[in-house]
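Some notes on the structure that comes next.
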Amino acid sequence: MSKSSKTTCLALLLAAAAVLLADTGLLASEGAGEGGYSADRWKDFGLRVMNFAVFFAILFALLKNPVRKFFRDRAESIARTMEYLETQARNLEEQNQVMKRKLSQLSAEREGILAQYERDGARERDRIIAEAKRTAEQIVRKAETAVEQETASARRVLARETGLLAVSIAGDVLAQNATDEDRSILMKDFVSQVTRLPARR
């Protein structure tokens, strides 16, 4: 609706309102004098209804497009708001799905890392145990070798000392009990054994 048509409608509306107010004042003065319902009063009532109808029609004509535009704009605004909210809801749902996937991936990675740590720990434990066993076996072998060497050395020392002691005891016994004839026999036997020894080259 153009500005001039709006001005025209507003003028008609004001004229109808003025007529309605004038008719209302006239009917009020006439009704007060007669005190009953005459044909003139029904005629005046009809005119007032007609004036009201004209007033309502003009008011409707003036407000039809603005009201329609207001509700249309309001509906479009609500539709845009709903579309925006639906878009935001979809975006949030997508972000939620992405976060769920990331959490699932992180959980799987965490499980993998823990499993890897367990495997590494088991391998390190086995390596330490094996190294400790090898070290213990080496220590045992070295101890056994040392014991064997010490035992052999002690046996040699004991045998040498036993032999020397036996020779000493035998010499003492011979010195005490041997006669000149026994000494002569022993000397001959010693000389014969020495002469049978192979010559050294």
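The values are calculated or read from the model by the stated rules, or taken from the named source; none is laboratory data. Predicted, not measured: the structure shown is a model, and the values here were computed from it. Neighbour counts run over all protein chains shown; Cβ positions are idealised from the backbone, glycine included.
Overview of values
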item: Residue among Ala115, Ala79, Ala75 that is of a type in the set (A, V, I, L, M, F, W, C), under 29 Å from the mean Cα position of the chain (by Cα), part of a helix (DSSP H, G or I) and surrounded by 10 or more Cβ atoms within 10 Å (Cβ to Cβ); result: Ala115
item: Condition met for Ser168 (modelled with pLDDT under 75 and assigned to a helix (DSSP H, G or I)); result: yes
